[in-house]
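The values are calculated or read from the model by the stated rules, or taken from the named source; none is laboratory data. Here the structure is a predicted model, which is why all the values come from computation and not from measurement. Every residue, glycine among them, receives a Cβ derived from its backbone with ideal geometry; neighbour counts consider all protein chains shown.
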Ligand SMILES: C[S@@+](CC[C@H](N)C(=O)[O-])C[C@H]1O[C@@H](n2cnc3c(N)ncnc32)[C@H](O)[C@@H]1O
């Protein structure tokens, strides 16, 4: 008898599929990330984290900006793709690990910069989404910067059906994801001391899987927790790989 696949197995089937890996491995870093790295990477006092590294494009961009990088992805095929994409960099500059956003394989207060693009909304539950935000705050040093983008609930694709709990939505292939309103995400970030620095961009992207609302911003971790929030609007960036904010 074939047992039904769990949600985690269905997600792994998608992310480990050769065509998914190939799509992400073929991308280069978004121009806005290159601009962000030019702003921040020069005067870092510690290593950088690429959480949910996919095919490795942002890890490569971090390395090209002089960072030492730890890249983490839940799915083994993505880990291997990032290893391959970064193989030409000198030994010791990059470590690629398999691990989950809600249990980052790193010590407290390790990173001076983190990039987390297109990852948080893959949490199957809002609890895991919030746990991932807490993990980012845990592994960042006080004063460190987080470059974040994630899908939100600000505009919902009719193909998504509501899940069992508020904030959970289910994709047509039965993989759950978490979509929260921008204000709620910013409040969860502020609750662990991560506050937007500069503009907070919110926009809708037309992807091949359907329209997705995106939150994109940089945040700085303060030394203590708080609950301030902020929001604004920004433009679209015109790239269209599935499930990629
Ligand atoms: C949309 S891709 C983005 C990849 C990369 N950040 C980029 O911008 O190209 C999402 C990545 O998150 C990974 N991922 C999904 N859920 C994860 C989790 N809970 N923890 C860590 N990585 C996860 C997937 O395997 C995939 O590589």
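Can you give me the ranges of the strands (runs of 3 or more DSSP E) entirely in the range 128-245 with at least 1 residues that are modelled with pLDDT under 95 and either more than 13 Å from the ligand (Cβ to nearest atom) or over 24 Å from residue 114 (Cβ atoms) (or both)?
Qualifying strands (runs of 3 or more DSSP E): 201-207, 210-221.
Can you pull out every residue in the range 109-121 that is farther than 12 Å from residue 51 by Cα and either in contact (Cβ under 8 Å) with a residue 40 or more places away in the chain or part of a helix (DSSP H, G or I) (or both)? Walk me through it before giving the result.
Of all residues in the range 109-121, those farther than 12 Å from residue 51 by Cα come to 109-110, 112, 121.
Answer for the range 109-121, where residues must be farther than 12 Å from residue 51 by Cα and either in contact (Cβ under 8 Å) with a residue 40 or more places away in the chain or part of a helix (DSSP H, G or I) (or both): 110, 112, 121.
Considering only residues that are surrounded by fewer than 22 Cβ atoms within 10 Å (Cβ to Cβ) and touching a strand residue (DSSP E or B) at 6+ places or on another chain (Cβ under 7 Å), which ones fall in the range 113-127? Show your work before the answer.
To start, the set of residues in the range 113-127 that are surrounded by fewer than 22 Cβ atoms within 10 Å (Cβ to Cβ) comprises 118, 124-127.
Selection gives 118, 124, 125, 126.
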